[in-house]
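Asks: This is the structure, below, for whatever I ask next.
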Amino acid sequence: MNEPDNILDNFIDPDFVPVPIAQQAERVDHDTAINAEDMDEEISVLSFNSIFMAPQPEEREKLMAENLAELRAAEASLEEAGEAAAIDAATIAETVEFSGPEPMTLEEKLQERRDKATGYGTGRAATPGAGKGFAHIIGNSKRIREIFGTVEKLADTDSTVLVLGESGTGKELFARSVHMHSPRRNKNFVVVNCGAIPEDLLESELFGHEKGSFTGAIRTRVGKFEMAHEGTIFLDEIGDMSPALQVKLLRILQQQEFERVGSNQVIRTNVRVVAATNIDLEKAIKEKRFREDLYYRLNVIPLKLPPLRARKDDITLLIDHFIKRFNGSKNRGIAGVTPAAMKLLLDYDWPGNVRELENICERMVVIKGEGMIDIEDLPYQFISDANQEEQLYTDMLLVGAQEAELEPQAAAAPGAVIEIPDTGINLKEVVEEYEMGLIMQALEKTNWVKNKAATILGLNRTTLVEKLKKRGITR
């Protein structure tokens, strides 16, 4: 076994606990050098963890012997990826300006990039009051500071945490901060999105499987709970888990043990569970979609994250942070947002929360390019009612030249004005109805090809799409 052990020694990074190869690469900011997920597939599902975390020494030796060639390939691939990614990270660190109380050295910048994947932070956050463990959470509102305080109180405990909040509120970031404030901070933080994995694959993903346990199981695979041994597992979208898997999860929470798919061997694990959901679990319990006993096991320490509309004090901080970030990553030069545009951004309800704000900021930075972002640079949904009416009139004028080509029953004669009844009318509704009549005709004429419809109407395609989206119109 000397040869496998030597290969294994070279493969292990002594500075880190064992993690999947994709995560090893991410720790040197594996953003652009090599696709880490593809690397995992090339090396196969049996990564180093499958060997290292085998429960019995003899099983570990057997797996090492069977997969010696694969370990050699993994070692070479990881070394190549690490070198390329480190160069890329250094280049980014030299060009991206990080906010902080004083200038950061190149080494600090590079370390911050490397720490991003693990949740470690330098403590030099872009936001007031965000220290180590909160370095990637932007916010200084009262409600966010209260959550920071709750997380810090959990520092010496292993209590199960249930993170609640709407989609886009940053549940994974707060789950990671819980891990970083715990005694397990130097162990693995393993993320599983229960809603993104098909039900028939989720059990294998969580608990692993034995070779030959089902069609396609050509090798033994270690599950996420084994990978998270002595660390933390984050179960996102826990409300989407099937009742059958809920029973098995309950067993782990109660007894800290499970079996791989296709095996009768009990595997004991020491893992902290942090779960998250954006659905009402109490309502799901009443509808028999979620087990009540599992809910009480998970809901030991609840963290209720506020939606962005309830922490508007943080919007300015977030916009500033995202503009700086996208200026660096997209090679743009946005100086800021005008007061008029900022007012509209602050008045918006942000149904998609921080994720929506991030995407909007990226769009504005990329399209604007440089200078100050003003009202005309905002997407359609941010325009005030008065400006919307003005935009509707403008659109009507733009399509006026096409009226002769439209159906007679839908287009009034040029200059024609409808008669206003004595009871009055709602001008906005009338204008919107007129506009939608023209839009629907254009879509029908072009067989719903939006580019062609927008051309007929004299609109930008994005404007047309926004109008349809606002009214919930789909084919």
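Asks: Restricting to region 268-311, and then to whatever is over 30 Å from ARG184 (Cβ atoms) and free of Cβ contacts under 8 Å to residues at least 60 places away in the same chain, can you tell me which residue is surrounded by the most Cβ atoms within 10 Å (Cβ to Cβ)?
Replies: Of everything passing the filter in region 268-311, ARG289 is surrounded by the most Cβ atoms within 10 Å (Cβ to Cβ).
Asks: Now for a separate question. Report yes if ALA217 is within 17 Å of ALA275 (Cα to Cα) and not in a helix (DSSP H, G or I), otherwise no.
Replies: Values: within 17 Å of ALA275 (Cα to Cα): no; not in a helix (DSSP H, G or I): yes.
Taking the combined requirement at face value, the residue does not satisfy it.
Asks: All but one of (1) among the polar types (S, T, N, Q); (2) over 25 Å from LEU154 (Cβ atoms); (3) in contact with a His (Cβ under 6 Å, 6 or more places away or on another chain) hold for SER242; state the number of the condition that does not hold.
Replies: (3)
Asks: Which condition number in (1) assigned to a loop (DSSP other than H, G, I, E, B); (2) in contact with a Cys (Cβ under 7 Å, 6 or more places away or on another chain) is the one that LEU202 fails?
Replies: (1)
Asks: Still on this structure, I have one more. Scan region 258-268 and give yes if some residue there is more than 14 Å from PHE207 (Cβ to Cβ), modelled with pLDDT of 90 or more and assigned by TED's automatic domain parsing to the domain that holds LYS211, otherwise no.
Replies: Step one: filter region 258-268 for residues more than 14 Å from PHE207 (Cβ to Cβ), giving none.
Within region 258-268, none of the residues are more than 14 Å from PHE207 (Cβ to Cβ), modelled with pLDDT of 90 or more and assigned by TED's automatic domain parsing to the domain that holds LYS211.
Asks: Output the residues belonging to region 363-378 that are touching a residue at least 40 places away in the same chain (Cβ under 8 Å) and surrounded by fewer than 17 Cβ atoms within 10 Å (Cβ to Cβ).
Replies: Matches in region 363-378: VAL366 only.
Asks: Please verify whether THR220 is of a type outside the set (A, V, I, L, M, F, W, C), crowded, with 21+ Cβ neighbours inside 10 Å and under 19 Å from PHE134 (Cα atoms), treating the condition exactly as stated. If you could, list the steps in order and put the result at the bottom.
Replies: Details: of a type outside the set (A, V, I, L, M, F, W, C): yes; crowded, with 21+ Cβ neighbours inside 10 Å: yes; under 19 Å from PHE134 (Cα atoms): no.
Considered against the rule, which asks whether it is of a type outside the set (A, V, I, L, M, F, W, C), crowded, with 21+ Cβ neighbours inside 10 Å and under 19 Å from PHE134 (Cα atoms), THR220 comes out as no.
Asks: Further question: So which of ILE367, ILE323, ILE319 ends up being among the hydrophobic types (A, V, I, L, M, F, W, C), over 22 Å from SER141 (Cα atoms) and not assigned by TED's automatic domain parsing to the domain that holds LEU281?
Replies: Residue meeting the stated conditions: ILE367.
Asks: Among LEU406, LEU427, which is in contact with an Asp or Glu (Cβ under 8 Å, 6 or more places away or on another chain) and either within 27 Å of PRO351 (Cβ to Cβ) or modelled with pLDDT under 80 (or both)? Spell out how you get there, then give the answer.
Replies: Numbers: LEU406 fails: in contact with an Asp or Glu (Cβ under 8 Å, 6 or more places away or on another chain).
Testing whether each residue is in contact with an Asp or Glu (Cβ under 8 Å, 6 or more places away or on another chain) and either within 27 Å of PRO351 (Cβ to Cβ) or modelled with pLDDT under 80 (or both) leaves just LEU427.
Asks: In region 322-364, what residues are farther than 19 Å from TYR380 by Cα, touching a Ser or Thr at 6+ places or on another chain (Cβ under 9 Å) and not in a helix (DSSP H, G or I)?
Replies: ASN331
The values are calculated or read from the model by the stated rules, or taken from the named source; none is laboratory data. Computed from a predicted model, the values in this text were never measured in an experiment. Note that we place each Cβ from the backbone using ideal geometry, even for glycine, and neighbour counts take in every protein chain shown.
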